[in-house]
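Peer 1: Have a look at this one.
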Amino acid sequence: MHKLLLKHKLLRWESGLIAILLSEIVIFGILNPKFLQTRVLMGSINDFISICIISLFVTFVLITGGMDIQAGSIVGLTSISLGVLWQDAGLNIWTAVVVAILIGALCGAISGFFVAFTGVQAMVVTLGGQFLYSGLALAVVNLSSSTAFEGISGYPKSFIMIGSGTFLGIPNQVVIFGVLIILGYVLLHKTNYGRYVFLCGINKKAAEYSGIRTKWIIMSTYMLSGMSASVAGIILTSYLGSARADLGKELTLPIITAVVLGGTSNLGGKGGVIGTALAAIVIGIMRFGLVMAGLSTQYLDIPIGVLLVVAVATRTVGSNTKLMKAISKRFKFKNA
Amino acid sequence: MQVVEAPPIMDTMISVRGICKCFASNLVLKGIDLDVRSGEVVALIGGNGAGKSTLMKIIMGIYQQDKGDIFLSGEKVNLTKPALALAHGIYLVPQEPMLFPNMSVEENITLGFKDKKNELHTKILSIMEQLGWKLKLDRKADTLSIAEQQLVEILRGLLRNAKILILDEPTSSLTFNEVESLFTLIEDLKNKGISIFYITHRLTEVFEIATHVAIMRDGVITLKGPVGEFTKDDLIKGLLPPNTNLKTTQKSEVLDYTKLKPILELKNFTGYGFKDINLEVCSGEVLGVAGVVGAGRTEFATTIFGMDEFISGQVILDGEEITGLSTRTVLDKGLNYLPEDRHLNGIFKIGDAASNISSAHLRNLSKFFLNKKAEVALGEKYIKDFRIKVTGQNQIMGSLSGGNQQKIAIARVLSTSPKVVILDEPTRGVDAGARGDVYAIISQLKKQGVAVLLISSDFEEIVELSDRVVTMYQGRINHRFSKNQIDLDNLTAASFGVYEEENVQ
Amino acid sequence: MKTLKNALKAREISSLIFLITIFLLVGAINPNFLQIKNLFLIFNGSIVYVLLAVGIAFVIISGEIDVSIGATLGLSAAVSATLLRDGNSWIVAVIAALIVGATVGLINGIGVTILKVPSIIMTLGINGVVRGLSYVYTNGKWVENVPYAFKSISQATMLNSLTYFFSGALVVVFIVHMLLNKTGRGRYFAAVGDNQCGAQLIGIPVDSTKIKAFIICGIFAAIAGVIYVSRVGFVTPMAGNGYEMKAIAACVLGGISLTGGLGTVVGAAIGAVIMSSISRVLVFLQFSSDYDNTITGILLIIIVVADALIQRRVTENARRERLSARTLSDKGGYNNA
């Protein structure tokens, strides 16, 4: 009901993503029939679960008009903290998990505080955060008896099951992703809080005049993205069976790509969780499919980069009437 | 008013002929003819949306006209971009000076020139000496006052040997002394043979500074000629739609104050931009707050609303002190404020109508999950009551007309059922039809027993709607008028600080 | 207040003072740090970052951002290294690298100005494309066996142990600084970043200025790539990965505002030296150089937050002063009555 016009556009956007997704599955299925097995397809998520989970909540940050390039570094910090808390501090693994999530929230809160309350550009603060948290991760390694290279391993089976077990035949990671999509969707589109996130992004001043506590709303979105980064860190640790400080280092660009490709405007005020989730899967499947088709993952940055630029360019060019006019004029001219 | 195709005259500095401009399907300029000769100051007046700024932007090459021609000294020119207009000696001083805040004054003036630095420097100094100005050239632009920024803008124009200066509401953010020095400057420029377009809202200025006047309304020039040929009343008539009669503004009845109790009281309320404000507003009363732009009206309203720090004094709402509380708390206590600048503070442009209306009231509709039903009901109610023209509640705010946007902004303010409403320029940039609707809304509020504080620079509006009026002048309330004292002359005189008590009878 | 304002005026000076203070402090604790040899080691080690930071400074001062320079460095390094390995003259290699850099910059510039894609998104996408292209170009393999003669250039020193590269970079920074600050056209970059509408109004070509900034940025990244080849001697497909963030951080440390319009290339160069000296400073203080990033992050946040708070205070005070000036004083009558 809300923002139907906008939603209409988004819907079109999202169906475009679904079309890309389906064609990916068909093409990769032809290239390598093994690809179409449900087990393989579902298992592929292990390779890009972090992007999926984190981008869901970085969406919130971008909708407020902010930017978050630190989430990737929080993954590594969470992972290594979890390991140290469990192995060296002797905490129960589940207590350690809770503490790890709190650490993520705290990291987000620190950056979010500076963004919301001092008015420094989000990009700069989270750039600082990226250095700070990845640096802290290394510092935490030094607290441990293990070295950075080997990581911390030897977790109880129950913990390992988070990342590698199944629930009703569906991999746990898929289940967790599903749950988080629903959580994110409800929070963003069905609650007052979510509405405030949008309003802050559309016009922060007007939101303040409406009695909305914009600073706290903005800060909280960074906490959400920090927490989602911790969840990703925990899942990765469980899946790999080892806590490492350098996890998530390369995630920044794919996360932002997923969010923006999902239809969220980096200028704020527009976007949605479903689009992000679809875009993250599109990127992930493309990555996985090309590997199955025998290509190196590294080449993938080309189509994804092109996709990102083309997607945003069509959006901005489409809304730029002057340019459209010029293009159509030239077109007519050629035809004549 | 009849547009006769006059041939361009050779001795004019600039002539425009038959300028038309369309935005989307909205005809903004409908055939404008205007001539300015050397040394003339043409005051261009007209309400918001009359097309003044569009015309000036066309002359400056920022927009291109759909039809019509521009002649400079009798020669037809094609101004397709600002650089061309600049090369032809046209310079626009925008309402908000467009300086480079991080650069020095000198850089701000000389940027874009290809000449040698030293030459430019001596040139600037000689211009300043001629005009008798003192301005340190190495100051950073963001340390300048608005008046000084305007000086820099004008210097920029002069250094370019501008022959035609466009001043867009130059006095709107100036203090009184700054206005005076600006006028001296314009007098100088006039004597040097520079032509000036002077856009303003203030009729008094027209007689003080202009040689000619042109009034625009709805994209046409309704009246033009030398200033001496007109009286103030002529100008006001030119501004009003054809069939309005100034005298027929009907007043509501005088209120019986013995039956009313004050609901909002300000005691020596002092903050940044206003001082020692004392006033009371009663339920069911409209208190007009008149004054010129910059008199401190908006500042004192936003400070009550918790948007800025106060210095001293008290604000009492319904017996409870609300001084210095946060916006959210003030809102919850029952006071709401309609911001002066709609686009900046009043609306969510890419949001839909429903979320605009509900934004302030949302948290009272439900605790955590969105209450869509209640939200829709709220939207329906206001769309019906206020006659808001939308295709549906999901229509995007940016696609609505100014009047409908404003009604939605008012709906948002009223959605919290406040006991006191402060309406800051409620009809700015609103068409005549919507203006009537807004007036009806205000009367309705009065009937419902809401206290209304009406801040407006449109004194006719204040005369028509207010039960009592206070005027603000340079940050203080300088006069109070009861119902039978309220008229345009009194308010204007008081707002400009020239009202004398003896005039009352 | 006055000194504060002056300090703000010359932001690169405060960065320089900061750099000297660190060096003196560390030198006080461990005098070996201040040995010429060590200092030169720091300077020589910072050259790649210096060049990247100077290049990106153009883009940032123009009010945009470029996160593709790490990949651009990687690709131009791979291209030039391959050409050198295959026996081409260094001139060919350098020219090829410059073409790569300029092309990437041109594409970024066109995307940002004509297609109106926000620069962070545009350069993010191009970053991916360029990085992918260096995999395609190198087939995912390392480029090794760069001729010794070319590698040795990076070792050639003058004045005791300052490399020619670093002295060259100093000269370049100086020349670029003069061009940027002392010529009318050079100031266009800052003008566009400071107030885009205002720049348009006085006839500054905004779009072409921005495109130029991106091209210059790409070219500097390419030069950094060539020097990288000479210093490191081999190129992996991941060469330069993450350098863009370090270059941006260097600019911020050097007093360049990411909102545009404020800062100098000298500041960017000083910032880059600060950045790359941190790990050495830590070693001399007998900390693990693992804390490098932590310190960088903390510094970055403290500097920008303090800067923002000071700026905000200044503007807020100015606003209030101005508002108060409008109000009549108690004694003052109506001065125009």
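Just so it is clear, none of the values below were taken in a lab; they were calculated from the coordinates. Since the structure is predicted, the reported quantities are computational estimates derived from the model, not experimental observations. Cβ coordinates were reconstructed from backbone atoms using ideal geometry, including for glycine residues, and neighbour counts include every protein chain displayed.
Peer 1: Would you pull out the residues with amide H under 5 Å of residue B:264's amide H, same chain only if 5 or more places away, H placed 1.01 Å from N?
Peer 2: Residues meeting the amide H criterion: B:281, B:318.
Peer 1: Thinking of the range A:111-253 as a set of Cα atoms, what percent of all their pairs are more than 21 Å apart?
Peer 2: 57 percent
Peer 1: Compute the helix-to-body angle for C:164-182: its Cα long axis versus the longest principal axis of chain C, expressed 0 to 90° and rounded to tens.
Peer 2: 30 degrees
Peer 1: Sort out the exposed loop GluC sites (Glu not before Pro) in chain B (DSSP loop, at most 10 other Cβ within 10 Å) and tell me the longest stretch that has none.
Peer 2: Answer from the scan: B:6-252.
Peer 1: Moving on. Please list, by residue number, every one of the chymotrypsin sites (Phe, Trp or Tyr not before Pro) in the range A:1-110 that is coil in DSSP and has at most 11 other beta-carbon atoms within 10 Å.
Peer 2: none
Peer 1: Turning to a different aspect of this structure: What number, rounded to the nearest 500 deg cm²/dmol, is the helix-based mean residue ellipticity at 222 nm of chain A, given -39500 (n - 2.57) per DSSP H run of at least four residues and division by all its residues?
Peer 2: -24500 deg cm²/dmol
Peer 1: Can you compute the modelled spin-label distance between residue A:142 and residue B:134, with each label point 7 Å from Cα toward Cβ, in nm?
Peer 2: 5.9 nm
Peer 1: Given H placed on each backbone N at 1.01 Å, which residues far from residue B:223 in sequence or on other chains put an amide H within less than 5 Å of it?
Peer 2: B:215
Peer 1: Something else now. Using the Karplus equation 6.51 cos²θ - 1.76 cosθ + 1.60 (θ = phi - 60°), what ³J(HN,Hα) coupling, rounded to whole Hz, does each residue of the range C:190-206 give in order, writing x for Gly and Pro?
Peer 2: 5, 4, 4, x, 6, 7, 4, 4, x, 4, 4, 5, 9, x, 7, x, 4
Peer 1: As a test of the formula, what do you get for chain C when each DSSP H run with n ≥ 4 contributes -39,500 (n - 2.57) and the sum is divided by the residue count, at 222 nm and rounded to the nearest 500 deg cm²/dmol?
Peer 2: That calculation yields -24500 deg cm²/dmol at 222 nm.
Peer 1: Under 10 Å, Cα contacts only: if you run a Gaussian network model on chain A, which one of A:180, A:136, A:307 comes out with the highest mean-square fluctuation?
Peer 2: Of the options given, A:307 has the highest mean-square fluctuation.
Peer 1: Please work out the FRET efficiency for the pair residue B:38 and residue B:113, using the Cβ-Cβ distance as r and a Förster radius of 25 Å; give the result to the nearest 0.05.
Peer 2: For residue B:38 and residue B:113, the calculated efficiency is 0.55.
Peer 1: What is the set of long-range amide H partners of residue B:499 at a cut-off below 5 Å, with H atoms built 1.01 Å from backbone N?
Peer 2: Result for residue B:499 returns B:494.
Peer 1: Hey, another quick one. Taking just the alpha carbons, could you work out the radius of gyration and Dmax for the range B:254-360, both in angstroms?
Peer 2: 15.1, 47
Peer 1: Taking only Cα atoms, what is the 0 to 90° angle, nearest 10, from helix B:402-414's long axis to the longest principal axis of chain B?
Peer 2: Once rounded, the angle reads 30 degrees.
Peer 1: Also: Pick out which of A:168, A:224, A:199 has the largest mean-square fluctuation in a Gaussian network model of chain A, springs linking Cα atoms closer than 10 Å.
Peer 2: Of A:168, A:224, A:199, the most mobile in the Gaussian network model is A:168.
Peer 1: Could you calculate the contour length gain from residue C:30 to residue C:207, that is, 0.36 nm times the residue separation minus the distance between their Cα atoms, to one decimal place in nm?
Peer 2: 58.7 nm
Peer 1: Right, next: What value in Å³ per residue do you get for the convex hull of the alpha-carbon atoms in the range C:147-287?
Peer 2: Spelled out: Cα convex hull of the range C:147-287, divided by residues, is 146 Å³.
Peer 1: Same structure again: Got a sec to turn the phi values of the range A:41-51 into Karplus ³J(HN,Hα) couplings, 6.51 cos²θ - 1.76 cosθ + 1.60 with θ = phi - 60°, whole Hz, x for Gly and Pro?
Peer 2: The phi angles translate into 4, 5, x, 4, 5, 3, 7, 9, 4, 4, 4 Hz.
Peer 1: Which value in deg cm²/dmol, rounded to the nearest 500, describes the helix-derived mean residue ellipticity at 222 nm for chain B, given -39,500 (n - 2.57) per DSSP H run of n ≥ 4 and division by the residue count?
Peer 2: -9500 deg cm²/dmol
Peer 1: Based on the Cβ-Cβ distance of residue B:267 and residue C:316, what FRET efficiency does E = 1/(1 + (r/R0)^6) give at R0 = 30 Å, to the nearest 0.05?
Peer 2: 0.70
Peer 1: Taking N as the number of residues in the protein assembly as shown, what is its alpha-carbon radius of gyration divided by 2.2 N^0.38 Å?
Peer 2: Its radius of gyration relative to the 2.2 N^0.38 Å reference: 1.01.
Peer 1: Checking the table A:205/B:349; B:81/C:210; B:381/B:446; A:190/B:384 against a 22 Å threshold on Cα-Cα, which pairs fail?
Peer 2: A:190/B:384
Peer 1: Most fluctuating residue of A:255, A:54, A:103 in a GNM of chain A with Cα springs under 10 Å: which is it?
Peer 2: Of A:255, A:54, A:103, the most mobile in the Gaussian network model is A:103.
Peer 1: Report ³J(HN,Hα) in whole Hz for each residue of the range A:181-195, in order, from the Karplus equation J = 6.51 cos²θ - 1.76 cosθ + 1.60 where θ = phi - 60°; Gly and Pro get x.
Peer 2: 3J(HN,Hα) across the range A:181-195, in whole Hz: 4, 4, 4, x, 4, 4, 4, 7, 10, 10, 10, 4, 4, x, 4.
Peer 1: Continuing with the same structure: To the nearest 10 degrees, how steeply does helix B:117-131 sit against the main Cα axis of chain B, on a 0 to 90 scale?
Peer 2: Here the helix axis deviates by roughly 70 degrees.
Peer 1: Starting from the Cα-Cα distance between residue B:125 and residue B:27, subtract it from 0.36 nm times their residue separation and give me the gain in nm to one decimal.
Peer 2: Going from the current span to full extension adds 30.8 nm.
Peer 1: Let me make sure I get this right: for the range B:12-245, a, b and c are the square roots of the gyration tensor eigenvalues over alpha carbons, sorted descending. Under 1.5 in a/c it's rounded, otherwise prolate if a/b > b/c, else oblate. Which is it?
Peer 2: prolate
Peer 1: Also: Where a ≥ b ≥ c are the square roots of the eigenvalues of the C-alpha gyration tensor, would you call chain B rounded, which needs a/c under 1.5, or, failing that, prolate if a/b is larger than b/c, or oblate?
Peer 2: Because a/c hits 1.5 or more and a/b exceeds b/c, chain B counts as prolate.
Peer 1: For chain C, with equal point scatterers placed on the C-alpha atoms only and solvent neglected, what are the log10 I(q)/I(0) values from the Debye formula at q = 0.16 1/Å, to two decimals?
Peer 2: -1.41
Peer 1: Give me the three principal axis extents of the range A:4-295 from the C-alpha atoms, as integers in angstrom, largest value leading.
Peer 2: Result for the range A:4-295: principal-axis Cα extents of 54, 50, 32 Å.
Peer 1: Rounded to the nearest 0.05, what FRET efficiency do residue C:17 and residue C:288 have when you use their Cβ-Cβ distance and R0 = 25 Å?
Peer 2: In this case the efficiency is close to 0.35.
Peer 1: Within the range B:202-241, which residues have the backbone N less than 14 Å from the label spot 7 Å out from residue B:460 along Cα→beta-carbon, could you tell me?
Peer 2: B:203, B:216-218, B:233-241, by backbone N distance to the label point.
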